[in-house]
Amino acid sequence: MGFRVLKGGMLTTVQDLGRSGYQSQGFNVGGVMDVRSFRIANLLLDNPENEAVLECTLIGPVLEFTAAQIIAITGGDFRPELNDEPIPMYTAIYVKKGDVLKVGSARTGRSCYLAFSNYIKVPVVMGSRSTNLRCGIGGFKGRKLEDGDFLDSRINRRIYLPYFLSRTLDIRDYEKSSVTIRVIMGPQENYFSRRGIENFLSEEYTVSSQFDRMGLRLEGPFIETKKGSDIISDGIALGAVQVPSHGKPIILLSDRQTTGGYAKIATVASVDLPLLAQRRMDDRIRFRKISVTEAQRLLREEEQKLQFMRDRIHRPCREVLECRLAAKRLEKLFRELQL
């Protein structure tokens, strides 16, 4: 009732929002890298907001479906094909038993998200279905998907979604290779010299090859400290920007450690974490300082945008409205002719 993995892709794992509540015991949260794309994928199918998906990195998998269901693919443009025919991103797609889905290589972005109307059947571990690769738990056998794997479905949802033709969104979030990332300064801003802070906020940095689910290292101007960057280890927030002694920023992401001993010059605003997670090697990044109040306002705006998307896909599409209008005009004309 699920799907068979013909090719596993570069790094395809089952993910949701991760394991919250265990950082005090040294266990990291994990979960999807791009929360926005993850939420939109489930939104398109009326799935629960935290329903598990496949996260595909750089090169996607090839899947054969063993039952009919509806899927949606969001995030970077991986040029997906169904039975060798291109299909759109950010759209609910009906698939039949025996159909073959090829998720190609990333034209834009770094990750894409594949949601299923029938829900992936994997165990819940510590409140989450996410794959923790370092610990080998969660997801499908605690590892990435490999050729020949079979993932079953938890339910057999009826193959129907209201306003099906409306379930498409025109989103192109990750086309640019140069972006500005908004940050809140601190918590160890006082460890850095004025020149170091000026470099961080005014200069351009480049994404290095050292980029995985734990974090990404940037190349660029040296960030100077006053007396070194070593601190007594403290908690690491998602998006924390550490600066070790080499003076190059490291931004901590989904699989980050729970504590760290390097000074943190800033933290990436939550709304810009998806944009950051979708960077590719040699992409260029600049940082802009904002306040906590501004970051909270941006997060509220993001929730409003997601609500607009929900409303948008639950209305008849333009073609249906035009057909209804044409039908009413024909009905009116027919009545007039009878008179």
Run down E85, E55 and say which single residue is at negative phi, charged (D, E, K, R) and crowded, with 23+ Cβ neighbours inside 10 Å. E55
What pairs come up if the first residue lies in region 51-71 and is under 20 Å from F211 (Cβ atoms) and outside the structural domain of R279 (by TED's automatic domain parsing), the second is open to solvent by less than 10 Å² (accessible area, probe 1.4 Å) and of a type in the set (D, E, K, R), and their beta carbons are under 9 Å apart, counting only those six or more places apart or on different chains? E55/D34
If you take just the strands (runs of 3 or more DSSP E) that sit entirely in region 74-145, which of them hold at least 2 residues that are outside the structural domain of F27 (by TED's automatic domain parsing) and in contact (Cβ under 8 Å) with a residue 24 or more places away in the chain? none
Look at D173 and say whether it is over 17 Å from G60 (Cβ atoms), among the charged types (D, E, K, R) and not assigned by TED's automatic domain parsing to the domain that holds E55. yes
Quick one: I313 ticks every box in (1) open to solvent by 80 Å² or more (accessible area, probe 1.4 Å); (2) at pLDDT below 95; (3) in contact with a Lys or Arg (Cβ under 6 Å, 6 or more places away or on another chain) bar one, so which box is it? (1)
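Give G196, G186 a once-over and let me know the one that is at pLDDT 95 or above and out of contact with any helix residue (DSSP H, G or I) (no Cβ under 9 Å at 6 or more places or on another chain).
Details: G186 fails: at pLDDT 95 or above.
One residue alone meets the criteria, G196.
Say we look at region 163-185 and pick out the residues that are in a loop (DSSP other than H, G, I, E, B) and within 19 Å of L216 (Cα to Cα); which of these is most open to solvent (accessible area, probe 1.4 Å)? Spell out how you get there, then give the answer.
Kept after step one, since they are in a loop (DSSP other than H, G, I, E, B), are these residues of region 163-185: 163, 167, 169-177.
Checking which are within 19 Å of L216 (Cα to Cα) leaves us with 174, 176-177.
Working: Y174: 15, K176: 149, S177: 53 Å².
Only one residue tops the list, namely K176.
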Region 169-192 residues that are among the charged types (D, E, K, R), paired with ones that are open to solvent by 60 Å² or more (accessible area, probe 1.4 Å) and at pLDDT 95 or above (beta carbon under 7 Å, 6 or more apart): R182/R288
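The values are calculated or read from the model by the stated rules, or taken from the named source; none is laboratory data. From a predicted model like this one, the values you see are computed outputs, not experimental measurements. Positions of Cβ are backbone-derived with ideal geometry, glycine not excepted, and every protein chain shown enters the neighbour counts. To get the accessible areas, we keep the full protein, side chains included, count just its heavy atoms, and leave off ligands, DNA and RNA. Shrake-Rupley method; radii C 1.70, N 1.55, O 1.52, S 1.80 Å.
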